[in-house]
Amino acid sequence: MNLEELFLKRQSTREFSDKAVPDEALTEICRLATLAPSAVNQQPYNMYAINGEKARQFTKNVQKEGANAWADSCHAYIVIEARPPRVIIRGERRISNEEYIPEDIGILSAYITLAAESMGLQTCIIGLRDEAGIAEFLNLPKGTGFPLIIAVGYAVNDYPVREKRRRAFEETYKLIK
Ligand SMILES: Cc1cc2nc3c(=O)[nH]c(=O)nc-3n(C[C@H](O)[C@H](O)[C@H](O)COP(=O)(O)O)c2cc1C
């Protein structure tokens, strides 16, 4: 697959088959994703791969108020935890990565989804979540941020690769020179 083929194939998958996701695949996806850039190279995240029966128990955390009913078919997740901001000293300069943490986590998520797709696994980024429930599930302090969760699995057999619906490119882009 070349890059464009990969970008076209990656889509939000909302119906997964029962085929188990190998633990090693989740580990490899996360390893590859750590190659993503981040502000001041701080990688302000931790990733938790949740697989098998544990994932079945986790699903309720992405189904708050009836959201994401499709996640009933999901058997693996990658949960992204946001780490607290840091101040980095570069000579005389003090640089905080605080304002870039959402960007860094967005980029990480893109890498996760594309790494998964390149390995034949489908994904869906999930923003609707119960952070308090996730903290409890992972036994982490209340108040810990989990900005995004990625559902991972094998799409059901006949799941269509949808045509991308996007704003007109000309509307989103201007070349200035
Ligand atoms: C930050 C973010 C949060 C999202 N949250 C959800 C979600 O909670 N549930 C869901 O089904 N899709 C969610 N999506 C998927 C988007 O709806 C999807 O990416 C968009 O419609 C484009 O479709 P595509 O991913 O198939 O290209 C989210 C995507 C992003 C980037």
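The values are calculated or read from the model by the stated rules, or taken from the named source; none is laboratory data. Everything quoted here is computed from the prediction, not taken from an experiment. No Cβ is skipped: glycine too gets one built from the backbone with ideal geometry, and neighbour counts run over all protein chains shown.
With respect to (1) under 30 Å from Asp158 (Cβ atoms); (2) touching a Pro at 6+ places or on another chain (Cβ under 8 Å), the lone exception for Pro85 is condition (1).
Considering only region 88-137, how many residues are in contact with a Ser or Thr (Cβ under 6 Å, 6 or more places away or on another chain) and not charged (D, E, K, R)? Steps first, answer last, please.
To start, the set of residues in region 88-137 that are in contact with a Ser or Thr (Cβ under 6 Å, 6 or more places away or on another chain) comprises 104, 113, 116, 122-125, 135.
Right, trim to not charged (D, E, K, R) and you get 113, 116, 122-125, 135.
The qualifying residues number 7.
Residue count for region 35-59 under the criterion of being touching a residue at least 60 places away in the same chain (Cβ under 8 Å) and loosely packed, with under 13 Cβ neighbours inside 10 Å: the result is 3. Within region 130-145, the set of residues being farther than 16 Å from Lys54 by Cβ and either hydrophobic (A, V, I, L, M, F, W, C) or part of a helix (DSSP H, G or I) (or both) comprises Glu131, Ala132.
Checking the conditions here, which among Asn51, Asn68, Asn46 is within 14 Å of Ile149 (Cα to Cα) and either among the aromatic types (Phe, Trp, Tyr) or within 14 Å of the ligand (Cβ to nearest atom) (or both)?
Numbers: Asn51 fails: either among the aromatic types (Phe, Trp, Tyr) or within 14 Å of the ligand (Cβ to nearest atom) (or both); Asn46 fails: either among the aromatic types (Phe, Trp, Tyr) or within 14 Å of the ligand (Cβ to nearest atom) (or both).
The unique qualifying residue is Asn68.
Count of region 102-150 residues, restricted to those that are away from the ligand (no atom under 12 Å from the Cβ) and in contact (Cβ under 8 Å) with a residue 60 or more places away in the chain, is 14. The residue of region 146-168 that is surrounded by the most Cβ atoms within 10 Å (Cβ to Cβ), among those that are among the aliphatic types (A, V, I, L, M) and not in a loop (DSSP other than H, G, I, E, B), is Val152.
When Ile78 is tested against (1) away from the ligand (no atom under 12 Å from the Cβ); (2) in a helix (DSSP H, G or I); (3) surrounded by 22 or more Cβ atoms within 10 Å (Cβ to Cβ); (4) not basic (Lys, Arg), exactly one condition is not met: (2). The set of residues from region 83-118 being assigned to a helix (DSSP H, G or I) and charged (D, E, K, R) comprises Glu98, Glu99, Glu103, Asp104, Glu117. Taking the listed residues Gly127, Gly120, the one that is exposed (fewer than 12 other Cβ atoms within 10 Å of the Cβ), in contact with a Phe, Trp or Tyr (Cβ under 9 Å, 6 or more places away or on another chain), over 16 Å from Ala49 (Cβ atoms) and at pLDDT 95 or above is Gly120, with no other qualifying. Within region 15-43, being more than 16 Å from the ligand (Cβ to nearest atom), part of a helix (DSSP H, G or I) and touching a helix residue (DSSP H, G or I) at 6+ places or on another chain (Cβ under 6 Å) holds for Ile29, Leu32, Ala39.
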